[in-house]
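So the structure is just underneath, and the comments pick up after that.
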Amino acid sequence: MIFEGQIRKMIAENGNPIRYYLNLKDDYIDLNQQLGKKLTLVHDHYECLGCGLNKEIYRMGYCQNCFFTLPQANESIIRPELSKAHLGIQVRDLEWEKKFELQPHIVYLAVSPDLKVGVTRATQIPTRWIDQGANAAIILARTENRYEAGMIEVALKNVTSDKTNYQRMLKTEKAEVDLVHQKDLFKVYLPEEESKFYLDDNTIYEFHYPVMQYPTKVKSLNLKKEGRFEGTLSGIKGQYLLFDDGTVWNVRGHEGFYVQLSI
């Protein structure tokens, strides 16, 4: 069978294991059913997530112009502490920024594969953790807006990482972390103004990924350079497809690519 369309981030449904769907904008493919099968990917052209034009993707699925003009690519997407909507200050589009930033946010600790701190909208739980390939996570704080969550994250980055080592994550390597203990230790690092957002709930969220075989050595697929790839799907974790030859494909890193997929 042949499918084609604009690549968007995979859709994930939490379960045991997690169920993944490749999102081709107008078509969805149940990837769990493709495990053990040979897939062929061909990059046909680009289709920017913003303007929809065939313009080379610059970052986050957007062409260069859209990346520097659309609110969906504001710097506060990556650095929540730079959010200004709570002050009524516009960066690119105040109405969009208010809708996105002035809603409950979560500050969390995750094992992905080592301990890390992160921020996401409350509506993105547990999707955010699955997208990062987290093995487990716990909520540290629940804030009223993005800026408050960002300020907590900034404080905690002094004592733990906010990055995911994707190669270790894809090789199943993980640290043995007592998340409840770490959460208790980090409580003292919360800024005074944001300490009221600390959440006493110590629920641990765990995730199980549909993987038949993990790579021992990771080789990243770049469709911009290679154009075409063929391999047998051996697993899915985070936003990555894993193939039996050790190749891994970052699906989210290829948003805005228009591809043909043969199964």
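Summary of values
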{"quantity": "Debye intensity ratio I(q)/I(0), log10, segment 74-206, q values 0.10 Å⁻¹ (C-alpha model)", "calculated": "-0.31"}
{"quantity": "From phi via Karplus (6.51, -1.76, 1.60), per-residue ³J(HN,Hα) for segment 109-122 in Hz, x at Gly/Pro", "calculated": "10, 9, 9, 8, x, 9, 5, 8, 10, x, 10, 7, 5, 4"}
{"quantity": "Hits among lysines - C-alpha to C-alpha of Lys196 under 16 Å, sequence gap 8 or more where chains match", "calculated": "Lys183, Lys187"}
{"quantity": "Choice from Ser83, Ser234, Ser161 showing the highest fluctuation, given a GNM over the chain with Cα pairs closer than 10 Å", "calculated": "Ser161"}
{"quantity": "Segment 31-151, relative contact order [Cα under 8 Å, separation at least 6], %", "calculated": "21"}
{"quantity": "Phi to ³J(HN,Hα) by Karplus 6.51 cos²θ - 1.76 cosθ + 1.60 over segment 255-263, Hz, x for Gly, Pro", "calculated": "4, x, 7, 9, 10, 10, 10, 10, 10"}
{"quantity": "For segment 71-120, radius of gyration divided by Kirkwood radius, i.e. Rg to Rh on alpha-carbons", "calculated": "1.06"}
{"quantity": "Over segment 1-83: Rg over Rh, Cα atoms, Kirkwood Rh", "calculated": "1.05"}
{"quantity": "Members of Lys25/Lys163; Lys9/Lys225; Lys37/Lys163; Lys25/Lys157; Lys25/Lys116 lying beyond 25 Å, as alpha-carbon distances in this model show", "calculated": "Lys25/Lys163; Lys37/Lys163; Lys25/Lys157; Lys25/Lys116"}
{"quantity": "Correct choice for mean projected area of the Cα convex hull in nm² that was computed from the model, options (1) 16.5; (2) 13.9; (3) 17.3", "calculated": "(2)"}
{"quantity": "GNM flexibility winner over the chain from Asp131, Asp114, Asp200 (Cα, springs under 10 Å)", "calculated": "Asp200"}
{"quantity": "Among Lys225, Lys55, Lys187: highest mean-square fluctuation, GNM of the chain, C-alpha pairs under 10 Å", "calculated": "Lys225"}
{"quantity": "DSSP-loop chymotrypsin sites (Phe, Trp or Tyr not before Pro) across segment 23-68, with at most 15 other Cβ within 10 angstrom", "calculated": "Phe68"}
{"quantity": "Amide H contacts of His105 (H built 1.01 Å from N, under 5 Å, at least 5 apart or other chain)", "calculated": "Ala122, Thr143, Glu144, Asn145"}
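Any read-out appearing in this document is the output of simple, stated calculations on the displayed coordinates, not a laboratory observation. Everything quoted here is computed from the prediction, not taken from an experiment. Quick reminder, even Gly has a Cβ in these numbers, built from the backbone with ideal geometry, and neighbours come from all protein chains shown.
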